[in-house]
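Below is one structure; the comments refer to it alone.
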Amino acid sequence: MVHAVLLDAQSLGPSVDLAPLRDQVGHLTVHDKSTAENAHERLVDADIAIVNKVVLNADTLASLPRLKLICVLATGVNNIAMDTARARGITVKNVVGYGTRSVSQHAMMLMLALANRLPRYQRDVAEGKWQQSEFFCLQDHPTLELAGKHLVIVGQGELGNAVARLAEAFGMRTSFAARPGSEANDQRPSLDALLPEADVLSLHCPLTEATRHLIDTKRLARAKTSLLIVNCARGGIIDEHAALDALRAGLLGGLGIDTLPTEPPRDGHALLDALTEPLNLIITPHNAWITPEARQKVIALTADNMAGFVDA
């Protein structure tokens, strides 16, 4: 009888149906939360480990001779000691494409809110400026009509293409930048070539050595001072401190991010502190992916991964 253990079910959020996972195995043990330290004792009798963000390090994997499959409830597998898994014959399977609609919708939400200066007008209304206005409306912060504007996207995968389709429905012109670090072998224009003419920049690429601080002081200086930047990829792709300096200096039109380099940001972050300032700044708590449909799709795709293993 195949035994599977889900280590961090709570990370999937509320109202997720785990029945598709149970249907694939003889027994499924579910833990709401686990740590790297107690992962060994919880997986000691498991054939399959199901995990989202719990770290399974080399020592833990080396102590689990029964373990044959790790199903990661996400795309990234950086929390798994992959070299050790390969050496011990442990298969690691992830899930992709589950959040395409959810994340692309979130990216457009950030783009639209920044274009309409929503953070600044919400602050003005809360402070009573509309109530005290001599006219029927407030016009202190010029907005941006997206139709006809140039959207540059870094990352031409499923997500980047989904954002492009949504943006084109608003009448935007879209361009994809060459893969960072591989510009010489890529027929697409480089980010440096596209950036000076970009009105909006949306990031949908992985965090690698080539993309770390891809948007830094030097590149921000090449961009229009009205540029809007949206990051629904990974924290660290933007040099957040450089972007904040540019925003405060009026050298960046707006910044909307769903990720920070360390999550959750228990020690704080300069961008979080800046939310009290009158800036065109939006920060969401890495929740672009959390529509109920996307979270249930994670389960469906993971069940498919388990079925392939059990049937093998």
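The values are calculated or read from the model by the stated rules, or taken from the named source; none is laboratory data. Note that this is a predicted model, so its numbers are computed, not measured. Because the Cβ atoms are built from the backbone with ideal geometry, glycine has one as well, and the counts that use them run over all protein chains shown. For the accessible areas, the whole protein counts, side chains as well, though only heavy atoms, and no ligand, DNA or RNA atoms are used. Shrake-Rupley method; radii C 1.70, N 1.55, O 1.52, S 1.80 Å.
The helix-only estimate of mean residue ellipticity at 222 nm for the chain, built from DSSP H runs of length n ≥ 4 each weighted as -39500 (n - 2.57), is -9000 deg cm²/dmol after division by the residue total. Against the empirical 2.2 N^0.38 Å (N residues), the stretch 87-175 has a Cα radius of gyration ratio of 1.61. The 1.4 Å probe gives accessible areas that order ARG123, ARG22, largest first, as ARG22, ARG123.
Taking each of LYS149/LYS218; LYS53/LYS224; LYS129/LYS149; LYS33/LYS68 in turn, the alpha-carbon distance tops 28 angstrom for LYS53/LYS224; LYS129/LYS149. In a simple Cβ point-charge model (Lys, Arg +1; Asp, Glu -1; nothing else charged), the stretch 78-212 has a dipole of about 580 debye relative to its Cα centre.
Any idea what log10 I(q)/I(0) is at q = 0.23, 0.24 Å⁻¹ for the stretch 172-213, Debye with uniform C-alpha scatterers and no solvent? Results for the stretch 172-213 at q = 0.23, 0.24 Å⁻¹ read -0.85, -0.92.
Using C-alpha pairs below 8 Å separated by at least 6 residues, the relative contact order for the stretch 252-312 is 39 percent. Judged by the ratio a/c of the largest to the smallest principal axis of the C-alpha gyration tensor, the stretch 179-274 counts as oblate, that ratio being 1.5 or greater while a/b is no larger than b/c. Each principal axis of the Cα atoms in the chain has its own extent, and those three values, largest first, are 73, 50, 36 angstrom. The equivalent ellipsoid that matches the C-alpha gyration tensor of the stretch 139-187 spans semi-axes of 26, 13, 9 angstrom, in descending order.
Please label the shape of the stretch 32-92 as rounded, prolate or oblate, based on the square roots a ≥ b ≥ c of the eigenvalues of the alpha-carbon gyration tensor (a/c under 1.5 means rounded; beyond that, a/b larger than b/c means prolate, else oblate).
It comes out rounded by the Cα gyration axes.
Projecting the Cα atoms of GLN187, LEU112, ALA169 onto the charge dipole of the stretch 76-196, computed from C-beta unit charges around the Cα centre, puts GLN187 farthest toward the positive end.
Scaled to the globular estimate 2.2 N^0.38 Å, the Cα spread of the stretch 221-312, given as radius of gyration, is 1.47. All C-alpha pair distances within the stretch 1-50, sorted into 10 Å bins from zero, spread as 26, 55, 19 percent across the bins. If you bin the C-alpha pair distances of the stretch 1-108 every 10 Å from 0, what whole percents do you get? Answer for the stretch 1-108: a P(r) of 14, 47, 29, 8, 1 percent. Dimensions of the stretch 102-231 from C-alpha coordinates, computed as largest minus smallest value along each principal axis and given longest first, are 58, 30, 24 Å.
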